[in-house]
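K.L.:
Here it is: the structure, laid out below.
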There are 2 protein chains.
Amino acid sequence: MYTISSAYQTHALLCFAFILMGNSDYVYPDRRCPHRVAVPPPQPFFKSFKNSLKETFFPDDPLRQFKNKPPSRKFMLGLQYFLPILEWGPRYSFEFLKADLISGITIASLAIPQGISYAKLANLPPILGLYSSFIPPLIYAMMGSSRDLAVGTVAVASLLMASMLGDKVNAAENPTLYLHLALTATFFAGLLQASLGLLRLGFIVDFLSHATIVGFMAGAATVVILQQLKGVLGLERFTHSTDIISVLRSVFSQTHEWRWESGVLGIGFLFFLLSTRYISKRRPKLFWISAMAPLTSVILGSLLVYLTHAEKHGVQVIGNLKKGLNPPSFGDFVFTSSYLSTAMQTGMVTGIIALAEGIAVGRSFAMFKQYHIDGNKEMVAIGTMNIVGSCFSCYLTTGPFSRSAVNYNAGCKTAMSNVIMAIALMFTLLFLTPLFHYTPLVVLSAIIMAAMLGLIDYEAAIHLWKVDKFDFMVCMGAFLGVVFASVEIGLVIAVAVSVLRLLLFVARPRTFVLGNIPNSTIYRNVEQYPGTNSVPGILILEIDAPIYFANASYLRERISRWIDEEEDRLKSAGETSLQYVILYMSAVGNIDTSGISMLEEVKKTTDRRGLKLVLANPGAEVMKKLNKSKFIETIGQEWIYLTVGEAVEACHYKLHTCKPDSTDEEPQPWNNV
Amino acid sequence: MYTISSAYQTHALLCFAFILMGNSDYVYPDRRCPHRVAVPPPQPFFKSFKNSLKETFFPDDPLRQFKNKPPSRKFMLGLQYFLPILEWGPRYSFEFLKADLISGITIASLAIPQGISYAKLANLPPILGLYSSFIPPLIYAMMGSSRDLAVGTVAVASLLMASMLGDKVNAAENPTLYLHLALTATFFAGLLQASLGLLRLGFIVDFLSHATIVGFMAGAATVVILQQLKGVLGLERFTHSTDIISVLRSVFSQTHEWRWESGVLGIGFLFFLLSTRYISKRRPKLFWISAMAPLTSVILGSLLVYLTHAEKHGVQVIGNLKKGLNPPSFGDFVFTSSYLSTAMQTGMVTGIIALAEGIAVGRSFAMFKQYHIDGNKEMVAIGTMNIVGSCFSCYLTTGPFSRSAVNYNAGCKTAMSNVIMAIALMFTLLFLTPLFHYTPLVVLSAIIMAAMLGLIDYEAAIHLWKVDKFDFMVCMGAFLGVVFASVEIGLVIAVAVSVLRLLLFVARPRTFVLGNIPNSTIYRNVEQYPGTNSVPGILILEIDAPIYFANASYLRERISRWIDEEEDRLKSAGETSLQYVILYMSAVGNIDTSGISMLEEVKKTTDRRGLKLVLANPGAEVMKKLNKSKFIETIGQEWIYLTVGEAVEACHYKLHTCKPDSTDEEPQPWNNV
């Protein structure tokens, strides 16, 4: 077997032979010609500023397709950019329509009971849930770039809205003001969502990590399920808090008020819904069974109540739903100062949460079907649909996971399925609302509970624990915060812990000692590669993060501790004392002025101890800054090497020829060789 | 010249010859034996958790000296840890005392006028400035680990206290409450400082970067100088705001109130102080001239007023100062809820600022004299001296730069110089306070202005502009915020911008294309090294930051854009189409679960495009997580290489022998060779 490693072995043997023969010139043959580390060509300030702005805000380079096109084509492309329907509309075929018709009707059958349930969860009139599945899907169908997203209200944002607005206005005592505040909050949510998209600030949503979302969703689902105990047990009085302790106290302090009729009905329907879901999960082709189950439950429940007159025996029903389409509501916004901040705050928090869900759902399905979704464009679409929706009595909508999954399974082809759903909802609103009079609230509770159980993703939590303990902590922080304190507090905990982790990563970068991998010029972390050999007289340290103000003083202390420990170790082992410290800077992506001061201090410290500081492979940005701050002159260009291997070789040469301050001629830059 | 590179050249030539001869087995000889990337040996959860806790909170390993010592020695070391005086006290010599005596008296002569001036700046009774230079230095002398820090009040924290407390209580209308609030704030500041030290959270101070401090100090100095216009011009009425616009409007709206006597005196003394400073700067041996100048000015000014009775011609004087030592004040703390939050907030902000200054000053002088300072221990010392001080009528103290520099220049040897200063202050308080009756306020203003001019470090700002534009922006943000808005706003702007920079660094990591450096197996950034050659059919990308939730979706988009662009380029150039994408992960220090999902998605995308994903040099932490999440199995262990060179070689071999899904036997781990 002839390997590179054995090539080195041969070379090493040859060297050894030459040493024995006293010819040291062969042994360190390339000392005069190592590769030189290049300072990147200087760039004018504005060009580099423009570049970094572009990388920050336009990483997807959306204007690429506009290049070298005539103006009329550019205009058309621009229109298509904001209204994707202009792009896929002309190619729309009858085949597509058939598929979209089936999926549209399927999601409509889910949208009606879910819409009513979630509106109840938000303490809003049930009819609002139906309104919200009529206007927003139409807007999304024109502007959205996802083919699978089904628009509608979501449980978590509904609950969050109820809890945040409920702190300010009691929905039972002042329903009109509460409703108007909810619409105003929706307006602000839409405004925020659209502006985030227009300002290309979509990456803010990325700060909600996967772990945060898993924990937050599970916590919110638990809270929502607990809230449903009110409906299932037929309780009249119930706590306004959402934390588990208040809810359980409220439930168990009034056991004598529990209604067995309601309870039996609720558990029965929950069992029915869960079994249909189980069937559909086992056989994905039978997706329609679980998709139709909620509407079936509503119809069965309503019939049951109508026939048995159970509404007179403690089973609460929806009651009258007003016939007719969405009334306009842009005159209802509350902009008075005493409520404005509540509405804005609620809008912002719910808007971000809804956005995160919508974007994540859109992205997942786009990945399955292998097309591309533009996050910023999606934000503009979701924001616009909420702004327009809030003007027509719709509250916060996004792309709920459950409904979109049904849409996908039902074989939808384009956003047209949303249009079909909207048309079905229109018919319902115009003609069918009286049919829901006898629908028992307990069925709605069962529908919500069944949907929420699917959001508790304990398998994901186990996966987090296995792979990354810290992510698991973030997840549990969000979960416990939501369950034991409140939805907002859980969210704040999770985001704070996640950001803290990022800051800690920068504040406490790791430093490794590198050792030589036998028979090679490769140097790697001795902890990861336990078979590496240390190089006598040379300490090689790798720094694995950018050097910034936040870690500069830590790194200074840590590097001097490494040197202390290495000297102690060498002394006690009676080995050659330390002569060189090589800092391997491959992973140092950037450095700021505090970082440069730190390097200057390290240089002074090593000088004082009689050690030579050597840098290996500083990157482009680092070299630029080191050059501008004259640190390259301080350390000497000849002490900066392209690889650790070359640095070690040079140190070795100087060690063995006993010329620590060598006056060799300047090494040639490699590209002149 | 025989170099490693030419060794490769020879090898390449040989290979070429063998290709011509049709013997492909020599050409890619080492395909069966590349180095294998090691998964680090598994560590039990608690051990790795303990390690990372230790690295985070105890990077300086303070317990190292306690190892293997008998219990009595351990106890003594522990006492010495908290009271360093027990360590250096027994070794204290008469030589040291002589040096400390001189420096102690020198800093006392500075402490008296500065103390009175800064107390005026904080809207507190002048005598508090003297009290604050008596008790805290005694505490610090026992607990502090710096030999050069001179304890005292500082201008910026004084101004900040005046502005924050002034928002709540008017110092002129309610001086007693204001004083009590100031003492309470000092107590909280001390509590915070000591707890940060005890909880090993010293790194929070590191989040104030050098750039922030330069801008903030210059801004605060400007604001303080502007405030002195009141004293210099002898104005009675003056704005309570600190921003430049309010102050200038206040000054120029009452030009008829300007007092020329006061103005002449002020400018005269300012000129005197600045000239002494200039002399001392030119000849460091004459440091005592500038050190004595403030006291000389006070004496001269007082004599002048006493002799000319200028106090009757509009020159304001200090007036009566109460004789006697610090009265106890622990009964005066205000813990009523209406003021508690103000006191706590003020204490926190001023405490952090004072801490940052004290630590930075201590560290700078320790570096000059080559001894070590423990940041967390310093925090405990500074915190304790403020807690004790606040119980004895002292307001916030730290280690001011100006006084410590004089101490250092005067040749202090230990913290004993602080004790000498305290004794001198004690004598002043007991016997000499009546002498300050006629001291004109304008002299105090001149002293403050002279001190503040030294804090405007425009050279540092120019250096920041040259080296790092972003740091310059942070600096100017702090400066302009302080000057045009308020001290707190400036500080918040600077810290927010700095932290945003850290987050942006993580959220928008850079990705580089790597190319081959001619005649070597080294691969480097093509932008930094413009002479590199691209490898046909292979795209090599370097990611230069950890892969976290905050950048996972950005990286996914950016990587797919790199692939798009490369394919476009190859197509238009008519070259070999892309076959392999190598991700060089040396700089990826860590990865979280969102990052792993991102890699899984990239793998799917590349598979779909018919490309092969290859990883080069993932680090220990990354390999551990990839292993746990089974991503190594997904990508295949044989597609992870130790270096880019080996990865390229392997790809080349497979490209040329047309076996994209090779069924080679598993490569051997290198350490078994």
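The values are calculated or read from the model by the stated rules, or taken from the named source; none is laboratory data. These numbers were taken from a predicted model, which means no experiment stands behind them. Don't worry about glycine lacking a Cβ; one is built from the backbone with ideal geometry, like all the others, and counts go over all protein chains shown.
K.L.:
So is B:Ser109 in the same structural domain as B:Ile299 (by TED's automatic domain parsing) and surrounded by fewer than 24 Cβ atoms within 10 Å (Cβ to Cβ) or not?
P.N.:
Judged against the criteria, B:Ser109 is a match.
K.L.:
Of these, A:Tyr178, A:Tyr140, which one is in a helix (DSSP H, G or I), of a type in the set (Ser, Thr, Tyr) and under 26 Å from the mean Cα position of the chain (by Cα)?
P.N.:
None of the others qualify; the one that does is A:Tyr140.
K.L.:
Also, I was wondering about something else. I'd like the residue in region B:497-516 that is among the polar types (S, T, N, Q) and more than 7 Å from every other protein chain (Cβ to nearest Cβ) and, out of all such residues, is surrounded by the fewest Cβ atoms within 10 Å (Cβ to Cβ).
P.N.:
Across region B:497-516, the extreme among qualifying residues is B:Thr511.
K.L.:
Regarding region B:54-76, can at least one residue be identified that is touching a helix residue (DSSP H, G or I) at 6+ places or on another chain (Cβ under 9 Å), of a type in the set (A, V, I, L, M) and either assigned by TED's automatic domain parsing to the domain that holds B:Ile289 or in contact (Cβ under 8 Å) with a residue 12 or more places away in the chain (or both)?
P.N.:
No, every residue in region B:54-76 fails to be touching a helix residue (DSSP H, G or I) at 6+ places or on another chain (Cβ under 9 Å), of a type in the set (A, V, I, L, M) and either assigned by TED's automatic domain parsing to the domain that holds B:Ile289 or in contact (Cβ under 8 Å) with a residue 12 or more places away in the chain (or both).
K.L.:
Something else: Exactly one condition in (1) touching a Ser or Thr at 6+ places or on another chain (Cβ under 7 Å); (2) in a helix (DSSP H, G or I) is false for A:Met473; which is it?
P.N.:
In the conditions (1) touching a Ser or Thr at 6+ places or on another chain (Cβ under 7 Å); (2) in a helix (DSSP H, G or I), A:Met473 misses (1) alone.
K.L.:
Which of (1) assigned to a loop (DSSP other than H, G, I, E, B); (2) more than 10 Å from chain A (Cβ to nearest Cβ); (3) farther than 24 Å from A:Arg501 by Cα is the odd one out, the single condition B:Ala38 does not satisfy?
P.N.:
That leaves (2) as the condition not met.
K.L.:
Can you tell which of B:Ala545, B:Ala616, B:Ala620 is within 36 Å of the chain's Cα centre (by Cα), crowded, with 24+ Cβ neighbours inside 10 Å and modelled with pLDDT under 90?
P.N.:
None of the other options fit; the residue is B:Ala545.
K.L.:
Is it fair to say A:Ser132 is surrounded by 16 or more Cβ atoms within 10 Å (Cβ to Cβ), touching a Cys at 6+ places or on another chain (Cβ under 6 Å) and in contact (Cβ under 8 Å) with a residue 60 or more places away in the chain?
P.N.:
Judged against the criteria, A:Ser132 is a match.
K.L.:
What number goes with the only condition from (1) farther than 21 Å from A:Leu130 by Cα; (2) surrounded by 14 or more Cβ atoms within 10 Å (Cβ to Cβ) that A:His309 does not pass?
P.N.:
Every listed condition holds for A:His309 apart from (2).
K.L.:
Consider A:Phe66 against the criteria (1) under 29 Å from A:Leu615 (Cα atoms); (2) more than 9 Å from chain B (Cβ to nearest Cβ); (3) of a type in the set (Phe, Trp, Tyr): it satisfies all of them except one. Which criterion is unmet?
P.N.:
(1)
K.L.:
Let me ask another. Hey, among the residues in region A:315-368 that are touching a strand residue (DSSP E or B) at 6+ places or on another chain (Cβ under 6 Å) and over 28 Å from A:Asp167 (Cβ atoms), which one's surrounded by the fewest Cβ atoms within 10 Å (Cβ to Cβ)?
P.N.:
Across region A:315-368, the extreme among qualifying residues is A:Val317.
K.L.:
B:Ser103 is checked against (1) under 32 Å from the mean Cα position of the chain (by Cα); (2) modelled with pLDDT of 75 or more; (3) surrounded by fewer than 18 Cβ atoms within 10 Å (Cβ to Cβ) and fails just one. What number does that condition carry?
P.N.:
Against the list (1) under 32 Å from the mean Cα position of the chain (by Cα); (2) modelled with pLDDT of 75 or more; (3) surrounded by fewer than 18 Cβ atoms within 10 Å (Cβ to Cβ), B:Ser103 comes up short only on (3).
K.L.:
Sticking with this structure for a sec: State all residues of region A:644-673 that are within 14 Å of chain B (Cβ to nearest Cβ) and either modelled with pLDDT of 90 or more or in a helix (DSSP H, G or I) (or both); if no residue qualifies, say none.
P.N.:
Within region A:644-673, A:Val644, A:Gly645, A:Glu646, A:Ala647, A:Val648, A:Glu649, A:Ala650, A:His652, A:Tyr653, A:Trp670, A:Asn671, A:Asn672 qualify.
K.L.:
Here is a follow-up. Tell me the residue from A:Ser498, A:Ser445, A:Ser404 that is in a helix (DSSP H, G or I), among the hydroxyl-bearing types (Ser, Thr, Tyr) and closer than 30 Å to A:Leu304 by Cβ, please.
P.N.:
A:Ser445
K.L.:
If you scan region A:430-458, which residues turn out to be of a type in the set (Ser, Thr, Tyr), surrounded by fewer than 20 Cβ atoms within 10 Å (Cβ to Cβ) and under 35 Å from the mean Cα position of the chain (by Cα)?
P.N.:
A:Tyr458
K.L.:
Follow-up. When A:Ser417 is evaluated against the numbered criteria (1) modelled with pLDDT under 85; (2) assigned to a helix (DSSP H, G or I), which criterion, by number, is the only one it fails?
P.N.:
So the condition that A:Ser417 fails would be (1).
K.L.:
A follow-up question, please. Among the helices (runs of 4 or more DSSP H) contained in region A:217-328, which hold 1 or more residues that are more than 40 Å from the chain's Cα centre (by Cα) and assigned by TED's automatic domain parsing to the domain that holds A:Pro136?
P.N.:
In region A:217-328, A:260-282, A:287-308 are the helices (runs of 4 or more DSSP H) which contain 1 or more residues that are more than 40 Å from the chain's Cα centre (by Cα) and assigned by TED's automatic domain parsing to the domain that holds A:Pro136.
K.L.:
Please enumerate the residues belonging to region A:611-631 that are in contact with a Pro (Cβ under 8 Å, 6 or more places away or on another chain) and more than 10 Å from every other protein chain (Cβ to nearest Cβ).
P.N.:
Within region A:611-631, just A:Lys612 meets the criteria.
K.L.:
So, A:Thr153, is that one surrounded by fewer than 17 Cβ atoms within 10 Å (Cβ to Cβ) and either under 30 Å from A:Thr176 (Cα atoms) or free of Cβ contacts under 8 Å to residues at least 40 places away in the same chain (or both) or not?
P.N.:
No; evaluated as a whole, the condition is false for this residue.
K.L.:
Additional query: Kindly check whether there is at least one residue in region A:121-128 that is touching a Leu at 6+ places or on another chain (Cβ under 6 Å), assigned to a helix (DSSP H, G or I) and under 19 Å from A:Met421 (Cβ atoms).
P.N.:
yes
K.L.:
Moving on to the next point. Just the residues that are crowded, with 23+ Cβ neighbours inside 10 Å and within 12 Å of chain B (Cβ to nearest Cβ), please, taken from region A:479-496.
P.N.:
Result: A:Ala494, single match.
K.L.:
Let me ask something else about it. Could you tell me which residue of region A:459-476 is farthest from the other protein chains (Cβ to nearest Cβ), considering only residues that are of a type in the set (Val, Ile, Thr) and surrounded by 19 or more Cβ atoms within 10 Å (Cβ to Cβ)?
P.N.:
The qualifying residue farthest from the other protein chains (Cβ to nearest Cβ) is A:Val474.
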